[in-house]
Amino acid sequence: MRPSDDVVRDLASTGVLRATINLGNPVLAHGTHDEPGGVTVAIARELAARLDVPLELLCFHAAREAYAAMAGGEADLTFLAVDPAREAEVRFSPSYLAIEGVYVTQRGRGPASAGEVDRTGTRVGVKEGSAYDLFLTRTLREAEVVRGTDGIDVYLAEHLDVGAGIRQPAVAFVAQHPTHRVLEPAFMQIRQAVGIPRDRTDAAARFVADTVGDLLASGFVHDALAEAGEDPGLAAAPPAP
């Protein structure tokens, strides 16, 4: 069912639904600024179709840039990991998928498991402004967080003890660099959700939440992940009615 005119105006106040796409997270999006693809692009297109408005995709290479666009009023819709530090500016839908944050370290040195990372003298590379940067900044008590454009890149460049990142690219890195390994278990679950600006109406938030629930229940998210070459098992369970 098409949403009310008030919801359409609230979510697409310029007459266009402006959605941020984070090309820096390969599970969520891939391609170029001109031709992006992936599950977030598919969800954005479906939301625009249900609103019956044109879609503008605003592509970035880091979550912090997508968040800044939302906070600065440049976007109507964003795809971010749910985090308390972001909720001042963003109203989140139920999560549509979950990915894991893991550590990478050198074989034969460094911590033996993820549980041994938070120790005095351990330095952890993170992607600045990422969900795992925000999480580790809050939760690590002894280890030092070192920020860069990518967690594994700064880990290598600065000769750190571990690098933090998303499981899928971390596993791919280790497969290409067998002198490194992934520390188990994952240090966090990263719940990805659709966000709208905090000042949008409750009706608009319900429309987005209901649409996400519908896309999960119908298998849309599962199929979009599979089409993008990602694990369809990452799709979240539909929210309870």
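The values are calculated or read from the model by the stated rules, or taken from the named source; none is laboratory data. Computed from a predicted model, the values in this text were never measured in an experiment. All Cβ positions, even for glycine, are placed from backbone atoms using ideal geometry, and neighbour counts span all protein chains on display. Areas reflect the complete protein model, heavy atoms only, side chains present, ligands, DNA and RNA absent. Shrake-Rupley method; radii C 1.70, N 1.55, O 1.52, S 1.80 Å.
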remark   = Scanning the stretch 17-65 for residues that are in contact with a Cys (Cβ under 9 Å, 6 or more places away or on another chain) and open to solvent by less than 70 Å² (accessible area, probe 1.4 Å) gives T20, I21, N22, L23, A29, G31, P36
inquiry  = Can you find a residue that is part of a loop (DSSP other than H, G, I, E, B), open to solvent by 50 Å² or more (accessible area, probe 1.4 Å), closer than 17 Å to V182 by Cβ and hydrophobic (A, V, I, L, M, F, W, C) anywhere in the stretch 109-118?
reply    = yes
task = Working only within the stretch 122-149, note down all residues that are closer than 18 Å to E100 by Cα, among the charged types (D, E, K, R) and free of Cβ contacts under 8 Å to residues at least 60 places away in the same chain.
result = D133, R138
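Being open to solvent by less than 40 Å² (accessible area, probe 1.4 Å) and not in a loop (DSSP other than H, G, I, E, B) is the filter; apply it to the stretch 1-11 and report the residue that is nearest to H61 (Cα to Cα).
The residue in question is L11.
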request  = Hand me the list of helices (runs of 4 or more DSSP H) wholly inside the stretch 147-240 holding 3 or more residues that are open to solvent by 30 Å² or more (accessible area, probe 1.4 Å), under 20 Å from N22 (Cβ atoms) and basic (K, R).
outcome  = none
remark   = Taking first residues from the stretch 175-196 that are farther than 30 Å from R86 by Cα and second residues anywhere that are in a strand (DSSP E or B), the pairs with Cβ under 8 Å that are 6 or more apart or on different chains are T179/Q106; H180/V104; H180/T105; H180/Q106; R181/V104; R181/T105; R181/Q106
task = Output the residue which, of all residues in the stretch 75-92 that are open to solvent by 10 Å² or more (accessible area, probe 1.4 Å) and small (G, A, S), is modelled with the highest pLDDT.
result = A85
remark   = Restricting the stretch 72-90 to residues that are assigned to a strand (DSSP E or B) and touching a Leu at 6+ places or on another chain (Cβ under 7 Å), the one farthest from R206 (Cα to Cα) turns out to be F79
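Look at T14 and say whether it is open to solvent by less than 60 Å² (accessible area, probe 1.4 Å) and within 29 Å of D202 (Cβ to Cβ).
For T14, the condition - open to solvent by less than 60 Å² (accessible area, probe 1.4 Å) and within 29 Å of D202 (Cβ to Cβ) - is not met.
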